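Take a look at the structure below.
The values are calculated or read from the model by the stated rules, or taken from the named source; none is laboratory data. What you see is a predicted model, and the numbers here were worked out from it, not measured in a lab. Note that we place each Cβ from the backbone using ideal geometry, even for glycine, and neighbour counts take in every protein chain shown. The accessibility values were calculated without ligands, DNA or RNA, using every heavy atom of the protein model including side chains. Shrake-Rupley method; radii C 1.70, N 1.55, O 1.52, S 1.80 Å.
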Amino acid sequence: MTRIHLSSPDVSPLEERHVVDAIRSGWVAPTGPDVDSFEREMADRLGMEHAVALSSGTAALHLVLVAWGVGPGDFVPTAALTFAATANAIAYTGATPVFVDCVPSTGNIDPELLDQTIQRLRDEGKNVPAIVPVDILGKCADYDAIAAIAAKHGLKILSDSAESMGARSGDTLAGSFGDAAVLSFNGNKIMTTSGGGMVLTRDPDLADRLRFLSAQAREPAVHYEHREIGYNYRLSNLLAGLGRAQLARLDEMLTRRRAVRETYVSLFDTVPGVEIFQREGDDEDNCWLTAILVDSNVTGWPTEQLRKALEAEDIESRPLWKPLHLQPAFAGSPQNINGAAETLFESGLSLPSGSSLSTDDIARVTTAILEFLGEV
Ligand SMILES: *Cc1c(COP(=O)(O)O)cnc(C)c1O
């Protein structure tokens, strides 16, 4: 029996063909026709003017902040409930991440707390050039409210859409919010290039600047002229080939993730004390991960007990992201916390959600959960 993971890469013969074609084209480099096509196809899909393919989502977050001149002395509010990469990228610039708590029903940054946080920082005379909201587990943050706050305070929005490709909010697609948005194509994300990332923006100057900085800030001179420090952040042409195949299959993969979500919805429908996280309005989400929230006062068992029972069947499940204000790496960081993220961390469990799960895999997970529920 093979292990069932939370979100395994979903690759088919189409991806294989694209990578082989890319190798045969001779463009075995961080530049080439597949990079150009991948950028154009992604920009088209998201209705954006510019897409810049980069080596990871983390690199993409970092580079946008660098391009905006964010650096030491700056304070950048972001979500408390997110993957470390969001705050790492802020820290790379020398700026200080400021952790803001979330709306309990979505897990995304709480706009009221965000507004309050920015106001407090400004009152203290701090420089707040940008904010980084996150679309956690593939649900878009509340960008209407966030955009109003950003406009009021005059700061830029960098949308961390690493988890939300394929999601939308109303008619607006994840990856097209804010002044720039970042996607991740890491192996566990909804579409993958094994590792990779992208910046989407409507700002042509930002796109040019990102291309320049990501290729070692090389001036157009045959002798390699450099006036500033650059980065080696471009995406490999081979991986862009992989990405193009994934994009062609994205809708199919989204459909599959949704079907997995619906399986869990019916499975837990009649279980008191268990609800599906982010269920409200989830027809707009990409269902990257499906998580449950457990009220152990009602169920009589904590999430950890279910996690261990699944682990015994070689099935992976995990708590939601441990909030960053609780992480030793960010101890002492400024924060505006009301306990919502911590409650989600304690009660939430992400379940296998990948589009590559077979019918047999789903049956195995379902059986393991039903057996657990029957025994406790
Ligand atoms: C995956 C992820 C990232 C980082 O993307 P990489 O491509 O792995 O560098 C950033 N933010 C969030 C919220 C993520 O889930």
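Residues in segment 12-45 that are more than 17 Å from Ala174 (Cα to Cα), of a type in the set (A, V, I, L, M) and buried (at least 18 other Cβ atoms within 10 Å of the Cβ): how many?
3
Taking Val19 as meeting all but one of (1) away from the ligand (no atom under 16 Å from the Cβ); (2) in contact with a strand residue (DSSP E or B) (Cβ under 8 Å, 6 or more places away or on another chain), write down the number of the exception.
The number of the failed condition is (2).
Given the criterion in contact with a Phe, Trp or Tyr (Cβ under 6 Å, 6 or more places away or on another chain), on the phi < 0 side of the Ramachandran plot, assigned by TED's automatic domain parsing to the domain that holds Arg244 and among the small types (Gly, Ala, Ser), identify the matching residue among Ser159, Ser176.
Just one listed residue meets the conditions, Ser159.
Name every residue in segment 124-141 that is within 17 Å of Lys156 (Cβ to Cβ), within 15 Å of the ligand (Cβ to nearest atom) and hydrophobic (A, V, I, L, M, F, W, C), in order of residue number.
Ile131, Val132, Val134, Ala141
Mind checking whether some residue in segment 46-62 is over 20 Å from the mean Cα position of the chain (by Cα), surrounded by fewer than 19 Cβ atoms within 10 Å (Cβ to Cβ) and away from the ligand (no atom under 16 Å from the Cβ)?
Pass one, segment 46-62, residues over 20 Å from the mean Cα position of the chain (by Cα): 49.
This time we only want the ones that are surrounded by fewer than 19 Cβ atoms within 10 Å (Cβ to Cβ), so: 49.
Right, trim to away from the ligand (no atom under 16 Å from the Cβ) and you get 49.
Taking every residue of segment 46-62 in turn, at least one turns out to be over 20 Å from the mean Cα position of the chain (by Cα), surrounded by fewer than 19 Cβ atoms within 10 Å (Cβ to Cβ) and away from the ligand (no atom under 16 Å from the Cβ).
Kindly indicate whether any position in segment 285-304 is modelled with pLDDT under 95 and of a type outside the set (A, V, I, L, M).
no
When residues of segment 181-224 are filtered for being open to solvent by less than 10 Å² (accessible area, probe 1.4 Å) and polar (S, T, N, Q), how many remain?
Qualifying residue count, segment 181-224: 4.
For segment 71-87: of the residues being touching a residue at least 60 places away in the same chain (Cβ under 8 Å) and open to solvent by 10 Å² or more (accessible area, probe 1.4 Å), which is farthest from the ligand (Cβ to nearest atom)?
Phe75
May I ask you to list pairs of residues, at least six apart or on different chains, whose Cβ atoms are under 7 Å apart, with the first in segment 173-184 being outside any strand (DSSP E or B) and the second being charged (D, E, K, R) and within 14 Å of the ligand (Cβ to nearest atom)?
Ala174/Asp135
Within segment 313-321, is there a residue that is touching a residue at least 60 places away in the same chain (Cβ under 8 Å), within 16 Å of the ligand (Cβ to nearest atom) and either in a helix (DSSP H, G or I) or farther than 30 Å from Tyr264 by Cα (or both)?
For segment 313-321, residues touching a residue at least 60 places away in the same chain (Cβ under 8 Å), within 16 Å of the ligand (Cβ to nearest atom) and either in a helix (DSSP H, G or I) or farther than 30 Å from Tyr264 by Cα (or both): absent.
Asn286 versus (1) closer than 15 Å to Gly107 by Cβ; (2) loosely packed, with under 14 Cβ neighbours inside 10 Å: which is the lone unmet condition?
Just one mismatch for Asn286, condition (2).
Is it true that Phe268 is surrounded by 17 or more Cβ atoms within 10 Å (Cβ to Cβ), more than 16 Å from the ligand (Cβ to nearest atom) and aromatic (Phe, Trp, Tyr)?
In short, yes.
Of everything in segment 183-198, what is more than 6 Å from the ligand (Cβ to nearest atom) and of a type in the set (Ser, Thr, Tyr)? Give them in sequence order.
Scanning segment 183-198 gives Thr192, Thr193, Ser194.
Any idea how many residues of segment 125-151 are out of contact with any Asp or Glu (no Cβ under 9 Å at 6 or more places or on another chain) and crowded, with 24+ Cβ neighbours inside 10 Å?
1
Looking at (1) away from the ligand (no atom under 16 Å from the Cβ); (2) outside any helix (DSSP H, G or I); (3) buried (at least 18 other Cβ atoms within 10 Å of the Cβ); (4) not hydrophobic (A, V, I, L, M, F, W, C), which is the one condition that is false for Glu163?
(1)
If a residue must be touching a residue at least 24 places away in the same chain (Cβ under 8 Å) and farther than 16 Å from Glu313 by Cα, how many such residues does segment 351-375 contain?
4
Quickly run through segment 361-376 and pick out the residues that are touching a helix residue (DSSP H, G or I) at 6+ places or on another chain (Cβ under 9 Å) and either aromatic (Phe, Trp, Tyr) or closer than 21 Å to Gly273 by Cβ (or both).
Val365, Thr366, Ala368, Ile369, Leu370, Glu371, Phe372, Leu373, Glu375, Val376
Take residues that are under 14 Å from Ala162 (Cβ atoms) and tell me which of the helices (runs of 4 or more DSSP H) falling wholly in segment 33-137 contain 3 or more.
57-67, 84-92
Out of Ala145, Ala151, Ala141, I need the residue that is assigned to a helix (DSSP H, G or I), hydrophobic (A, V, I, L, M, F, W, C) and touching a helix residue (DSSP H, G or I) at 6+ places or on another chain (Cβ under 9 Å). Which one?
None of the others qualify; the one that does is Ala145.
Looking at Val298, Val294, Val271, which one is within 30 Å of Tyr143 (Cβ to Cβ) and either touching a residue at least 12 places away in the same chain (Cβ under 8 Å) or not assigned by TED's automatic domain parsing to the domain that holds Gly196 (or both)? Explain how you work it out, then say what you get.
Working: Val298 fails: within 30 Å of Tyr143 (Cβ to Cβ); Val271 fails: within 30 Å of Tyr143 (Cβ to Cβ).
Answer to the check: Val294.
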